[in-house]
Amino acid sequence: MIDKINESDINQMNIIILKKINEQFEKDLTPSEFIATSRLALAFQRTVAVNLVDEEQQEQSREAFENIMSMFDQVEAFRKDNPEFEFK
């Protein structure tokens, strides 16, 4: 069985990764170590940014879905109140 990773676990992993990146920058790094650490930091930032955008898009999609369902409810109520009206 595959266990789902909850948001708290992801946040803890992010904190650990961020601490490790900060530790690396505090050391005297060779140019190649500096480049590798910088790439890791940039990849980490992109991943976090993408996750935030995904959450924002999901929220917008949910709101749009709720608005559509609300309109369907209004149409259904209108049909019940006006059975003689025909939609074309």
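Worth pointing out:
- Net length gained if the chain between Glu23 and Asn82 were fully extended (0.36 nm per residue, minus Cα distance): 14.2 nm
- Point-to-point label distance, Ile68-Phe44, nm (Cα→Cβ direction, 7 Å offset): 3.9 nm
A short reminder: the numbers here are calculations on the coordinates, not readings from a lab. From a predicted model like this one, the values you see are computed outputs, not experimental measurements. Neighbour counts run over all protein chains shown; Cβ positions are idealised from the backbone, glycine included.
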